[in-house]
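This report refers to the structure that appears directly beneath it.
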Amino acid sequence: MTVEEMFERAEASMLVECMGKPCRIWTGATSKGGYPKAHIGERYVGVHRLALESRIGRALRRTELACHRCDVPACIEPAHLYVGTPADNQRDRRRRGTANPGLCRVTLTKADVRRLYL
Ligand SMILES: [Zn+2]
């Protein structure tokens, strides 16, 4: 996948209401934790990191994380992401009670499933 193809796929991602916030859900591959991933050339990258980098206009440092304000790991909506540290991420997870994933459940319609998998 090229960067251009990744952004095209991001544009075609699914918008869903989750906890009252419109998230843009990545419909491609995800990590075991549910984070959006894509092969760009030889690299396996976090799509949410690229989405945040496009919003802030610079690459994230190795020590910086793309943290979700919406707490939806597959979300790639740039406005829902912020530059954080591992400590920020842990604090957010404790505050939201999301040390265990699965707080947000999205109900897919038959049309959503067709769009995603057929
Ligand atoms: Zn979101």
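The values are calculated or read from the model by the stated rules, or taken from the named source; none is laboratory data. Predicted model only: the values in this text are computed from it and were never measured. Reconstructed Cβ throughout: ideal geometry from the backbone, glycine too, with neighbour counts over all protein chains shown.
Details
- Considered as a group, the residues in segment 83-106 that are more than 30 Å from ARG58 (Cα to Cα) and in contact with a strand residue (DSSP E or B) (Cβ under 9 Å, 6 or more places away or on another chain) include one that is modelled with the lowest pLDDT, and that residue is ARG105.
- Options ALA66, ALA74: the member that is closer than 17 Å to ILE25 by Cβ and either modelled with pLDDT under 90 or in contact with a Ser or Thr (Cβ under 7 Å, 6 or more places away or on another chain) (or both): ALA74
- Residues in segment 35-93 that are polar (S, T, N, Q) and either under 11 Å from the mean Cα position of the chain (by Cα) or over 18 Å from GLU8 (Cβ atoms) (or both): THR63, THR85, ASN89, GLN90.
- Residue count for segment 43-66, restricted to those that are out of contact with any Cys (no Cβ under 8 Å at 6 or more places or on another chain) and within 11 Å of the ligand (Cβ to nearest atom): 1.
- Test: residue in segment 15-31 that is at pLDDT below 90, in a loop (DSSP other than H, G, I, E, B) and touching a Lys or Arg at 6+ places or on another chain (Cβ under 7 Å): yes
- Residue satisfying all of: in segment 77-100; within 16 Å of the ligand (Cβ to nearest atom) and β-branched (Val, Ile, Thr); nearest to ARG24 (Cα to Cα) among these: VAL83
- Filtered residue count, segment 18-35, keeping only those that are away from the ligand (no atom under 11 Å from the Cβ) and in contact with a strand residue (DSSP E or B) (Cβ under 9 Å, 6 or more places away or on another chain): 6
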